[in-house]
Amino acid sequence: MIDSGAGPLTPGRVRAARTGVAVVFALNGLAVASWFARVPAVREALGLNPGRLGLLLLAMSAGALLALPTAGLVTQRLGAARTVRGAVLLVGAGLAGIGVAAGPLGSLPGVAVALFAIGYGSGTCDVAMNVEGAVVERRLGRTVMPRFHAAWSLGSVAGAALGAGAARWGVPLAAHLTVLAAVVLVGTFAGARAFLPADPAPAGAARRGSGVLAAWKEPRTLLIGALVLIMAFTEGSANDWVAVAFIDGYGFSEAAGAAVFGVFVTGMTLGRTLGTIALDRWGRVPVLLGTILLAVVGTGLTVLAGSGPLAVVGVALWGVGASLGFPVGMSAAADEEDRAPARVSVVAAIAYTSFLGGPPLLGMLGDRVGILHALMVVSILLLPALALVPVTRPPAGR
């Protein structure tokens, strides 16, 4: 991203951009969590078993995965602010569409189309807001990317709380999700106005080696992508299934299941808020090693605890342990500013394949052993991530 000639970037301007980025992250989290918190309600409304629900969740992941190959180029050409504004229109339409399709219409294809729209819009927004966040981080001269993702988690906490309340008080899906869509649209447009000024990238940039195709050939970028993929699966598995797992495995009510999802995102928020201090003090590698090990313990406790209250403690540890992998991976991908849009796009594309394959994999496994026990896969997949952590070290001279 190249600064425009609109004027100098004063400290106040950069701080305003930091706030704008945080607002966009928070509202994106609110939108996504509002959907996840109502997954049990949609399952009930459409009469879906775990396998069919997993296939439905695939629609959102497919939309995101299709968006990511071009999201970096779009961000590079149009700038982060315009890209975010276009993407959130799709997210808002998708949220309202789910409410109408699952509520009054009772249409499974309608919900699938709406989920695809959310996935495409959210995937595009994800790349753009992470690129902008990395630029702001460099301008500030200290680690702030995890706090942007903490803002996403705070939005998720709000979405989970509102979802639990809506479930508890019987608020119709259509009313709940349509109101949320309006809030997300208005707030995101306002937040994007504070983004740092940027000029579109020259048309020949990709041919000079700064494009997405070149980034796909870089070993470090691909290894960062593999690490973020595992961490995205760790986070996404909880987003998709933790509420359902506690309903089916521990006998929780729908509202209590949504509240457990809130415990997870609260753990994520805590880890991302305090993680910036740890990262600046000890660096990426030791902090990531510690948090990944914590996630292994948390997921194991969630599945094997044998009692609901103890399993909720496991969910909290799982949230803290999963909190830093995605934001640190995005910061690592964006270490060199001129290559950031392409590299973030590649890392995000790799990571989002976990959202594509994760829901149906866990859903089919859940049909055989139950969703709660299927989540043990998360602990197993986290172990190889430990060997990938060293690739997040900044390149020499940075």
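The values are calculated or read from the model by the stated rules, or taken from the named source; none is laboratory data. Remember, it's a predicted structure, so these values are computed and weren't measured experimentally. Neighbour counts are summed over all protein chains in view; Cβ atoms, including those assigned to glycine, are modelled from backbone coordinates with ideal geometry. These area figures cover heavy atoms from the full protein model, side chains too; ligands, DNA and RNA do not enter into them. Shrake-Rupley method; radii C 1.70, N 1.55, O 1.52, S 1.80 Å.
For the chain, set up a Gaussian network in which alpha carbons nearer than 10 Å are linked by springs, and say which option among 366, 163, 92 fluctuates the most.
Taking springs between Cα atoms under 10 Å, the residue moving most is 366.
Leaving ligands, DNA and RNA out of it, rank 129, 60 by accessible area with a 1.4 Å probe, largest first. Display every interim value, and only then the final one.
Values: 129 5, 60 25 Å².
Descending accessible area places them as 60, 129.
By how many nm would the segment from residue 285 to residue 313 grow when fully extended, if each residue of separation counts as 0.36 nm and the alpha-carbon distance is taken off?
Details: separation 28, 0.36 × 28 = 10.08 nm, distance 2.57 nm.
Result for the pair: 7.5 nm of gain on full extension.
Please calculate the 1.4 Å probe accessible area of residue 152, with all protein chains present, and give it to the nearest 10 Å².
My reading of the accessible area for residue 152 is about 40 Å².
Just add up the charged neighbours of residue 362: K/R +1, D/E -1, any other residue whose Cβ is under 12 Å from the Cβ of residue 362. Don't skip to the end; give the middle numbers.
On the way: positive: 368; negative: 240, 367.
Local net charge: -1.
Order 19, 124, most accessible first, counting only protein heavy atoms with a 1.4 angstrom probe.
Numbers: 19 80, 124 20 Å².
Final ranking, largest accessible area leading: 19, 124.
Assuming R0 = 56 Å, what is the FRET efficiency of residue 217 and residue 274, from their Cβ-Cβ distance, to the nearest 0.05? Walk me through the numbers before you get to the answer.
Working: r = 37 Å, r/R0 = 0.65.
After rounding, the FRET efficiency stands at 0.95.
Round to the nearest 10 and report in Å² the accessible area of residue 376, as given by a 1.4 Å probe over the protein chains' heavy atoms.
Only protein atoms counted, so the area is about 60 Å².
Tell me, what is the Rg over Rh of region 247-398, with Rh the Kirkwood radius over Cα pairs?
Numbers: Rg = 16.8 Å, Rh = 16.7 Å.
With Rh from the inverse mean 1/r over Cα pairs, Rg/Rh is 1.01.
Computed over the Cα atoms, what is the radius of gyration of region 157-301 divided by 2.2 N^0.38 Å, N being its residue count? The partial results should precede the final answer.
Details: Rg = 20.2 Å, N = 145, 2.2 N^0.38 = 14.6 Å.
Rounded to two decimals, the normalised Rg is 1.39.
Which whole-Hz couplings ³J(HN,Hα) result when phi for each residue of region 363-375 is put into the Karplus expression 6.51 cos²θ - 1.76 cosθ + 1.60, θ = phi - 60°, listed in order with x for Gly and Pro?
So the J values, rounded to whole Hz, are x, 5, 5, x, 4, 8, 10, x, 4, 4, 6, 4, 5.
Keeping all protein chains in place and using 1.4 angstrom, which order do 138, 272 fall into by accessible surface area, from largest down?
Working: 138 75, 272 0 Å².
Solvent-accessible surface, decreasing: 138, 272.
Give me the orientation-averaged projected area of the Cα convex hull of region 1-143, in nm², one decimal. Don't skip to the end; give the middle numbers.
Details: hull surface 37.4 nm².
For the Cα atoms of region 1-143, the hull's average projected area reads 9.3 nm².
Determine how large the accessible area of residue 312 is when every protein chain is in place; take a 1.4 Å probe and give Å² rounded to the nearest 10.
The accessible area comes out at roughly 40 Å².
May I ask for the distance between the Cα centers of region 300-364 and region 262-294, given as a whole number of Å?
12
If you take the beta carbon distance between residue 393 and residue 364 as r and set R0 to 35 Å, what does 1/(1 + (r/R0)^6) give as a FRET efficiency, to the nearest 0.05? Spell out each step's value before the answer.
Working: r = 37 Å, r/R0 = 1.07.
With R0 = 35 Å, the Cβ-Cβ based efficiency is 0.40.
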